[in-house]
Amino acid sequence: MSGRGILGVVTAMVVLSACGATAGRSATYALGHTPELSDLTDATWVAHSVSNRGVVAGSVIRLTFTADTVTADAGCNTLTGAASIDKHEMVVSALAATRKACDPALQAQDRWLAAFLAARPRIERQGDELWLSRRAEVVHLTS
């Protein structure tokens, strides 16, 4: 095998092994890309699934974006904070929340969502689908 052939095989092996390293999501979604926040401002993103956790029955998790903020509603309080993208991660800081009294399950969902967003989840978009993932937790949203 020529030097170019060996280089091609080695390159293919590295690329294929990197596909399997995507934490939290199946390699099926390898066509996703890291968006800019400004690419997400034209829609309300609604969670259809949250792995390892689910969504409280009767509630919906919604995210909206501006060029430098994220607003989240998990069924009780509204969370808003500064946001940016750093490499493949969404960075949320100074997250503020309204203080409504809600069902304990919804309050727990709010706390989980605030902690999840503050933990720098990986962000990927493919068309009208958006994924936020951190370790084994994956939030799948659509617009």
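Check off (1) out of contact with any Asp or Glu (no Cβ under 9 Å at 6 or more places or on another chain); (2) open to solvent by 30 Å² or more (accessible area, probe 1.4 Å) for Ser84 and give me the number that stays unchecked.
Condition not satisfied by Ser84: (1).
Identify, please: which residue in segment 28-56 is touching a helix residue (DSSP H, G or I) at 6+ places or on another chain (Cβ under 8 Å) and closer than 22 Å to Asp110 by Cβ and is, among those, most open to solvent (accessible area, probe 1.4 Å)?
The extreme case among them is Arg53.
Output the number of residues of segment 103-115 satisfying the condition of being within 14 Å of Val70 (Cα to Cα) and either open to solvent by less than 10 Å² (accessible area, probe 1.4 Å) or acidic (Asp, Glu) (or both).
The number of residues fulfilling the criteria is 1.
The values are calculated or read from the model by the stated rules, or taken from the named source; none is laboratory data. Keep in mind it's a predicted model, so treat the numbers as computed, not measured. Cβ: placed from backbone, ideal geometry, glycine included. Neighbour counts: every protein chain shown. SASA here: full protein model, heavy atoms, side chains in, ligands and nucleic acids out. Shrake-Rupley method; radii C 1.70, N 1.55, O 1.52, S 1.80 Å.
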